Amino acid sequence: MDYLTVKEMAELKNCSERYIKKICKDGKIKTEQEINCKGRMKYIIPVSALPEELQAKYYRKKKTETGIFPEKTNNKNEEKTAFKYRLKGIKKAFEEFSESERTEIKLWTDILTQWQLERSEYKNKTEFDKLFVSHQKYLNPDLKISTDILYRKYSAYKNECYADLIDKRGGWNRGKSKLDDDSIIWQNFINLYLSQSKPSVSLCYRMINAYISEEYPELVEEIPSEACFRRRINKLPFAVLEYTRNGDKALHDKCVPYASRNKKNICANDVWVMDNYTLDVIVRHDDDSGKTRRLYITTVLDVKSNVLVGWNITENPDSNSTLDAMRFAMLRFGIPKNLYFDNGKEFTTLDIAGRFRKQKIAKDKKDNIPLTIVEKLGIKLIFAKVRNAQAKVVERIHRIIKEQYCTAQYGYCGGNIVERPEILKQNIRNCNIETEAELRETFADFADNIYNVQPYGSSESKYKGMTLIDVWNTSIAETSLRKASDETLDLLMLRNAGFQKVKRNGVFITYHGEKIWYYDKNITWQHIGEEVCVRYDRNNPSTVRLYDHEDRYLYSWKCADWLMLEYLSADNEELAVLGRGKTDVTRQVKARAKELRDNSNFTQRNGLEYISLHNKGKFNIHKTKYIVPVIVNDESEERMAVGAEYVEIDLEKMTKNSEKRKKTDVHR
């Protein structure tokens, strides 16, 4: 809306400012008030409140200031051209345009006027038009102009269709879309589209057409094109689309901000990251049986240098594979300060994670957890946040292993059916795939001679131009290296079966689902009921080592296979071995008992005699001062209980009643 000041109103009405102020004050004309630069109130008069003749006078004046006075068209050819370009032209009153639209009309009026002035001086006007357009593009880079646009704008200008001088793209009709937020069409469409079933725009468009036709037939004509829906969807926030169509994890992984970890303050071996990965390679068994399978790899990555310090290829990614990968890495690069683990069961077992693991621990074990393997090694554990993709730095190397190593193998099978090469079936049929031994050998060569010697590409500029192993060597020189021998590591990395009481069969461990007992014929029977910690070598469980609560070594017991028999065993030799073992233990117990008892002839009978002698004279009954005598009366009536009634017993009548009951029972 256009407004006039008191001064502008006086000039328009051709009167004094005092008069205008007076009629404003008296309310004879509609006004509004605002504060001027000096903090005082002033009157402003909306043009729409003026009489029609004054409004027309104001807009004529505005037109004159803008310079919009097209020449009358006299040339018939020009009239035809103008008519051609104004078929859809709409004439609007000048006051219907906003201030920004008037500015754009003024811009095009100046351009068209200049074009006509300069054009008249050229003989080849078509060539000049191209040059003029190019020059205008240079002067106004944001202006949409071409020869065709120039002709259309001039035709609109000549025919006073000023609305056609305005660029209607980029927001001219903003707010007039049929897909408003509160429209029934858009609300139902977006409810269909923002679903984790991920329907396509085309399917949603078809469904919304059918729905509106059935429920709101009066709105069918208002349904815009499918492209309109696509444009509107593209304007929705990416985070909203990810959350509604892909779920919480996608929102967290792609849209929620995360902290980038700075490596400048850590050194090599400060933090190692471990994880498991299924190799995308099908291999043959080493026994030439022709059977195939896929193997897993447990990787250990140094965070500072990104060096692959260790790994273990296995058919089952369990806690044993975790310890094997750790042992291999420690023998090569020393012992780390921190281990960054995933939350898988292979990393959170009780003898690795101990009380730091996320799983619930039984109340009777919570305060009775033995020293874990990582605690003995002096390593601190860090667990990744559950379902946090940014925390798994080691997954980057898994992608490299897949793209650089797995794809180069004859048995490459891809991560899914789409990635699987067609030649794989032929390679398997012709036994032209790697064996397990070949896979382990080639991967070791890839890890140390290809991956670990590639250029370092992280953010620390001081390592620019170095390889990964060079970065590790440079960084480890700035700190200390903890190293352990092969034998020491074997001792420190014994598996932990936890605390248990020594039973009549000794102690046991559960190995691959089987309970194995350990017994020493000379020692075990002496410690039945005592609580000990049982540890064993995961690769050779033939012997266990026992420790007390203060982690002091006690004994080593061997596997008591003579205690484990088949349920229906008829092997006399096995039974004889078991019998000899029982006899041996029984003999030792009896011998020890005899040894303990033969030092004295003191018996239980002697003990009772000495107790009786010791307590002589202690038994004595003291009579009280007040004694209440009890008197008995021999009369039968007096002997009845107080309150009881006399009852006469008739034995003859009782006999008759008994015979009647017997006869009744027989008839029944």
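Values quoted throughout were computed directly from the atomic coordinates according to the rules given, and no laboratory measurement underlies them. The shown structure was predicted, so the numbers you read here are calculated from the model rather than taken from an experiment. So basically every Cβ, Gly included, is an ideal-geometry build from the backbone, and we count neighbours across all protein chains shown.
Things to note:
- Taking the Cα centre of the range 173-251 as origin and assigning +1 to Lys and Arg Cβ atoms and -1 to Asp and Glu Cβ atoms, the resulting dipole is close to 520 debye.
- Placing unit charges on the Cβ atoms of the charged side chains and taking the dipole of the range 387-457 about its Cα centre, the candidate lying farthest along the positive direction among Ile433, Tyr451, Ile397 is Ile397.
- Relative contact order, percent, the range 174-328 [alpha-carbon distance under 8 Å, six or more residues apart]: 13 percent
- Packing around the peptides 606-616, 534-544, 548-558, 143-153, taken as the average count of other Cβ atoms within 10 Å per residue, puts them in this order, highest first: 534-544, 143-153, 548-558, 606-616.
- Reachable aspartates and glutamates, given that their alpha-carbon falls under 14 Å from the alpha-carbon of Lys660 and they are not under 8 places away in the same chain: Glu652
- The Kirkwood hydrodynamic radius of the range 472-534, based on inverse pair distances between different Cα atoms, is 14.9 Å.
- Loop-located GluC sites (Glu not before Pro) in the range 443-539 whose Cβ has at most 15 other Cβ within 10 Å (DSSP): Glu460, Glu478, Glu530
- Distance between modelled label sites at Glu478 and Ile631, nm, 7 Å Cα→Cβ extension: 11.4 nm
- Reach of Lys22 by Cα under 18 Å, taken over aspartates and glutamates that are not fewer than 8 positions away in the same chain: Glu8, Glu11, Glu32, Glu34
- Summed residue charge, Cβ within 13 Å of Lys22's Cβ, Lys/Arg positive, Asp/Glu negative: +3
- Seen from every direction in turn and averaged, the convex hull around the alpha carbons of the range 372-530 projects onto 16.8 nm².
- Rounded to the nearest 0.05, the FRET efficiency derived from the C-beta distance between Ser183 and Val418 at R0 = 35 Å is 0.30.
- Chain lengthening between Thr543 and Ser289 when straightened (0.36 nm per residue, less Cα-Cα): 88.1 nm
- Under 5 Å from the amide H of Tyr410 lie the amide H atoms of Glu434, each residue being 5 or more positions distant or on a separate chain, with H modelled from the backbone and absent for Pro and chain starts.
- For the range 524-542, the residues whose backbone nitrogen is under 19 Å from a point 7 Å from the Cα of Lys501, taken along Cα to Cβ, are 524-534.
- Out-of-range pairs (alpha-carbon distance over 20 Å; input Lys291/Lys425; Lys521/Lys594; Lys264/Lys337; Lys501/Lys594): Lys501/Lys594
- Cα-Cα over 29 Å, subset of Lys92/Lys130; Lys249/Lys464; Lys7/Lys153; Lys198/Lys235; Lys61/Lys158: Lys92/Lys130; Lys249/Lys464; Lys7/Lys153
- Of the GluC sites (Glu not before Pro) in the range 109-171, the ones in a loop by DSSP (not H, G, I, E or B) with at most 16 other beta carbons within 10 Å are Glu121, Glu160.
- Once the C-beta distance of Ala437 and Ser556 is scaled by a Förster radius of 35 Å, the resulting FRET efficiency is 0.55 to the nearest 0.05.
- For the range 287-330, the share of alpha carbon pairs falling in successive 5 Å distance bins from zero is 6, 22, 23, 18, 12, 11, 5, 2, 1 percent.
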